[in-house]
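Undergrad: Quick one: structure below, then a few questions.
The values are calculated or read from the model by the stated rules, or taken from the named source; none is laboratory data. Keep in mind it's a predicted model, so treat the numbers as computed, not measured. Reconstructed Cβ throughout: ideal geometry from the backbone, glycine too, with neighbour counts over all protein chains shown. We work out accessible area using only protein heavy atoms, side chains counted, and drop any ligands, DNA or RNA first. Shrake-Rupley method; radii C 1.70, N 1.55, O 1.52, S 1.80 Å.
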Amino acid sequence: SPLEISPNPFIDKLAVSYQNDRATSVQLSVFSTYGNLLFSVKHGFDSGSMQIEINELSSLPPGFYFIHCKDDTGRISSKRVVKIRE
């Protein structure tokens, strides 16, 4: 998968790495297990590897979440992450 997330489990922030073979814009979204959109950000990137740090997750309760990464070709990569208490 072109999508890597660390750390997992996490406490308050995540580093998301995405590999792509051409310049693209990427929509990164965080969903609850019920499918509710909790956070979303869009970035433009050159080809190769990009990394985004998500710091806006400290207010989420502990549990399971899904990270979706969609590029401008429509390709979607997803990973499940776990938030734990400090």
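Undergrad: Considering only protein heavy atoms and a probe of 1.4 Å, how much of the accessible area of the range 30-86 is carbon and sulfur, as a whole percent?
TA: Its accessible area is 48 percent carbon and sulfur atoms.
Undergrad: A follow-up question, please. State to the nearest 20 debye the size of the charge dipole of the chain about its Cα centre, where the only charges are +1 on K and R beta carbons and -1 on D and E beta carbons.
TA: The calculated dipole for the chain is roughly 260 debye.
Undergrad: Can I ask one more? Let me have the relative contact order for the chain, percent, based on Cα pairs under 8 Å that are six or more residues apart.
TA: 36
Undergrad: Quote to one decimal, in nm, the extra length available between residue 73 and residue 47 on full extension: 0.36 nm per residue of separation minus the C-alpha distance between them.
TA: 8.0 nm
Undergrad: Next question, about the same structure. For the range 27-77, what is the accessible area per residue in Å², given a 1.4 Å probe and the full set of protein chains?
TA: With all protein chains present, the range 27-77 gives 60 Å² per residue.
Undergrad: Once mean projected area of the Cα convex hull in nm² is worked out from the coordinates, which option in (1) 6.4; (2) 5.4; (3) 5.0 does it equal?
TA: It is the one labelled (3).
Undergrad: Rounded, prolate or oblate: which one fits the range 1-40, using the alpha carbon gyration tensor with axes a ≥ b ≥ c (rounded when a/c is under 1.5, else prolate when a/b beats b/c, else oblate)?
TA: Since a/c reaches 1.5 but b/c is at least a/b, the shape of the range 1-40 is classed as oblate.
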